[in-house]
Amino acid sequence: MTTVRLTVGQAVVRFLAAQRSERDRTRHRLIEGCFGIFGHGNVAGLGQGLLEAQLKAELAGERDGGLRYLQGRNEQAMVHAAAAFARTRNRMSTLACTSSIGPGATNMVTGAALATINRLPVLLLPGDVFATRVADPVLQQLEHPSGQDISVNDVFRPVSRFFDRIWRPDQLPSALLAAMRVLTDPAETGAVTLALPQDVQAEAYDWPAELFRERVWHIPRTPPDPAAVARAAEVIRSARRPLIVAGGGVIYSEATEALRSFADTFGIPVGQTQAGKGTMRSDDPLCAGAIGATGTTAANELAARADVVIGIGTRWTDFTTASRTVFAKPGVRFVNINVAPSDAAKQSGAAVVGDARAALEALAVALAGWSAAPAHRARAAELAARWQATVEAAYTTRHEPRPAQAEVIGVVNEVAGERDVVLCAAGSMPGDLHKLWRTRDPGGYHVEYGYSCMGYEIAGGLGAKLAAQDREVFVMVGDGSYLMMAGELVTAVQEGVKLIVVCVDNHGFASIGNLSESVGAQRFGTSYRFRGPDGRLDGGFLPVDLAANAASLGVYVLRARTIEEFRRALVRARAADRTTMVYIETDPLLGAPSSGAWWDVPVAEVAELEATREARAAYEKAKERQRPYL
Ligand SMILES: Cc1ncc(C[n+]2csc(CCOP(=O)(O)OP(=O)(O)O)c2C)c(N)n1
Ligand SMILES: [Mg+2]
């Protein structure tokens, strides 16, 4: 057997560079690069391995050989960038992330949870404590009294779809192969973590040369069981007011055309989850837009009366179901198309386990000759048109002195091109975008709402842009999210990766302020103010200048006060050739138009304030509308 003598760090890099993914006969590089921040836990292992690969590629004259190294500012942000990269590439490619041990490693845990919840493949390579234990406890080692094989990296286990720790080099080949399998399994994918003890990373081993051959991981279009399709078709044929709920699975499967044709053939309107918002153009008469807690009146009215709901590639989160109130018809039945059996089984639905595109095609055959009544289609088109008029009104409120966030969204939508991307994650913006953004392209709407993680925005924007350099990426970031994690602006500047950052400053957590008010908690602790004379945080606004902050990081900054100034600045930002922030202050008290949907956030049962007691009474009343969908 031919062997190659390399360290563990070098072997990991060499292996990753040789992995490919394939679907529909198109091949991609599975791991396109590696983000890293070095410390004693990875500098001599993976760090040296990345350098070694780069030197070898340079000698061989290959620009794209080895594994491209990207320097991060914060390990959590690296993982967000990798997740956004994978999402943009419909999970066919991703990035690896290497960290040192201890805090560098645990900084990645939030990113891991985000990737796993959103079913986005990311490969995490945290350094770990010495396998030999000769020098224990090493810097940043947590000593656990009951187990010497426990390290902080064990916290990755519940947030990873696969976890292994490489105590000996011999374990590496099987761990790497298992890791690639999970990354490329559409139902299982998420964060995959290989913890690499720092001494093992630098250790040499004679690897079988076969380990480093090019390997292709075939991503299947799993066909559904014909009997399951027949059962689902029977349910759908019984429907008088069917509704489709399209989720992210439709986009990852590249099933948007199959969805459009299915909806059109059978006359079924489509509501969209956050991850599924790009599944249909908003100007399609069958597109009812956002559904659920942040839904449109169109989708939510259709949902309220639907007798059969066909979920495609959705996890049915509480935002989608409005905490199990939006599907209100007694006896409503569900059909669930999903690659993950656990999601296909939800809401006691007729489960169709399989790839979204393959399942829609099979279901279309089984439904041949049937369609919903023309009046249902006409009613859906009427509701959709009415909502579009609501959107137009929200885009043009002309509020003064500070514009409404909806107006800002309207201008971004107008200035963005057909294939440009709007990206966001937390605050009041995701709900407003869900309701108001006019979608045009499946990849054009990137709102991370599985984990809704403040701080994802700029890091995620970087990952999305790295994955799709031919699109402009509009990062919509609130002041709270900006303050949580803006450091990757430096990486964007360093890499010459252009982002358009729209910083919407409303001096605090407006979304939680509104939520706080709705639970009778008086916006407590949600605006950015000095401590006032009574000791509360209700004094003057903090003198924070986020535009100056961005400029100090090397970003080109344009400040806008009015909505007209904002439009002009945004046009300039789109034309610019480098990362640009357009900064605007908005009024925190102006929400997007409501669809009357509810969201279950429990209200205190005991309270001093009358407002809280009233909110509790309203909460208990609202809960009566919750249904179990059994
Ligand atoms: C990491 C993280 N911490 C806390 C939250 C809870 N949370 C959701 S939105 C929000 C406020 C966001 O503020 P900002 O970015 O300014 O947006 P705004 O609400 O003002 O629109 C908070 C604290 C979260 N989603 N993520
Ligand atoms: Mg804010």
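What to note about this one:
- The residues of segment 524-553 that are at positive phi and within 13 Å of ligand 1 (Cβ to nearest atom) amount to a single one, Gly525.
- The residue that is nearest to the chain's Cα centre (by Cα), counting only those in segment 603-626 that are over 30 Å from Val391 (Cα atoms) and assigned to a loop (DSSP other than H, G, I, E, B), is Val603.
- Annotation note: of Pro588, Pro533, Pro543, the sole residue that is part of a loop (DSSP other than H, G, I, E, B) and in contact with a Gly (Cβ under 7 Å, 6 or more places away or on another chain) is Pro588.
- Entry remark, segment 302-329: residues being among the charged types (D, E, K, R) and in contact with a strand residue (DSSP E or B) (Cβ under 8 Å, 6 or more places away or on another chain) number 1 in total.
- Residue match in segment 466-477 (condition: within 15 Å of ligand 2 (Cβ to nearest atom) and touching a Phe, Trp or Tyr at 6+ places or on another chain (Cβ under 8 Å)): no
- Residues being on the phi < 0 side of the Ramachandran plot, over 15 Å from the mean Cα position of the chain (by Cα) and part of a helix (DSSP H, G or I) are represented in segment 494-502 by at least one member.
- Close pairs from segment 89-112: first on the phi > 0 side of the Ramachandran plot, partner open to solvent by 10 Å² or more (accessible area, probe 1.4 Å), Cβ under 6 Å, at least 6 apart: Asn90/Tyr252; Arg91/Tyr252; Gly102/Gln140
- Residues in segment 87-112 that are within 11 Å of Val155 (Cβ to Cβ) and either of a type in the set (Lys, Arg) or open to solvent by less than 10 Å² (accessible area, probe 1.4 Å) (or both): Ala105, Met108, Ala112.
- Of all residues in segment 432-466, those satisfying the criterion of being assigned to a helix (DSSP H, G or I) and either among the acidic types (Asp, Glu) or open to solvent by 10 Å² or more (accessible area, probe 1.4 Å) (or both) are Asp432, Lys435, Glu457, Lys465, Leu466.
- The single condition among (1) surrounded by fewer than 24 Cβ atoms within 10 Å (Cβ to Cβ); (2) over 24 Å from Arg29 (Cα atoms); (3) at pLDDT 95 or above that Ala135 does not meet is (3).
- Any hit, segment 400-409, residues being under 12 Å from the mean Cα position of the chain (by Cα) and of a type outside the set (Val, Ile, Thr): no
- Residue selected from segment 563-601 under the condition without any contact (Cβ under 8 Å) to a residue 60 or more places away in the chain and acidic (Asp, Glu), by the criterion nearest to Thr397 (Cα to Cα): Glu564
- Residues in segment 13-27 that are buried (at least 20 other Cβ atoms within 10 Å of the Cβ), under 27 Å from the mean Cα position of the chain (by Cα) and not hydroxyl-bearing (Ser, Thr, Tyr): Val13, Leu16, Ala17, Gln19, Arg23.
- Number of residues in segment 467-493 that are within 16 Å of ligand 1 (Cβ to nearest atom), over 14 Å from the mean Cα position of the chain (by Cα) and either free of Cβ contacts under 8 Å to residues at least 60 places away in the same chain or in a loop (DSSP other than H, G, I, E, B) (or both): the value is 8.
- Taken over segment 358-387, the criterion of being under 29 Å from the mean Cα position of the chain (by Cα) and not aliphatic (A, V, I, L, M) is satisfied by Glu361, Trp387.
- Number of residues in segment 224-248 that are open to solvent by less than 20 Å² (accessible area, probe 1.4 Å) and not β-branched (Val, Ile, Thr) equals 10.
- Qualifying residue in segment 548-562 (condition: free of Cβ contacts under 8 Å to residues at least 24 places away in the same chain and under 30 Å from Gly292 (Cα atoms)): no
- Test: residue in segment 561-582 that is within 24 Å of Gly461 (Cα to Cα), within 16 Å of ligand 2 (Cβ to nearest atom) and open to solvent by less than 40 Å² (accessible area, probe 1.4 Å): yes
- The criterion of being under 23 Å from Met180 (Cβ atoms) and touching a strand residue (DSSP E or B) at 6+ places or on another chain (Cβ under 8 Å) holds for Gly49.
- Flag for Asp164 being within 23 Å of Gly66 (Cα to Cα) and acidic (Asp, Glu): no
- Pairs with Cβ under 7 Å, 6+ apart, first in segment 195-219 and over 21 Å from Arg165 (Cα atoms) and of a type in the set (Phe, Trp, Tyr), second open to solvent by 40 Å² or more (accessible area, probe 1.4 Å) and assigned to a strand (DSSP E or B): Trp217/Arg20
- Any hit, segment 442-463, residues being over 16 Å from Ala84 (Cβ atoms) and either under 16 Å from the mean Cα position of the chain (by Cα) or away from ligand 1 (no atom under 16 Å from the Cβ) (or both): no
- Restricting segment 496-523 to residues that are surrounded by fewer than 21 Cβ atoms within 10 Å (Cβ to Cβ), polar (S, T, N, Q) and in contact (Cβ under 8 Å) with a residue 40 or more places away in the chain, the residue that is farthest from ligand 1 (Cβ to nearest atom) is Gln522.
- Within segment 481-495, restricting attention to residues that are crowded, with 24+ Cβ neighbours inside 10 Å and within 21 Å of Tyr449 (Cβ to Cβ), the residue that is farthest from ligand 2 (Cβ to nearest atom) is Glu488.
The values are calculated or read from the model by the stated rules, or taken from the named source; none is laboratory data. Keep in mind that this is a model prediction, so the values were computed, not measured. For neighbour counting, all protein chains shown are included, and Cβ atoms are generated from backbone atoms with ideal geometry for every residue, glycine included. We work out accessible area using only protein heavy atoms, side chains counted, and drop any ligands, DNA or RNA first. Shrake-Rupley method; radii C 1.70, N 1.55, O 1.52, S 1.80 Å.
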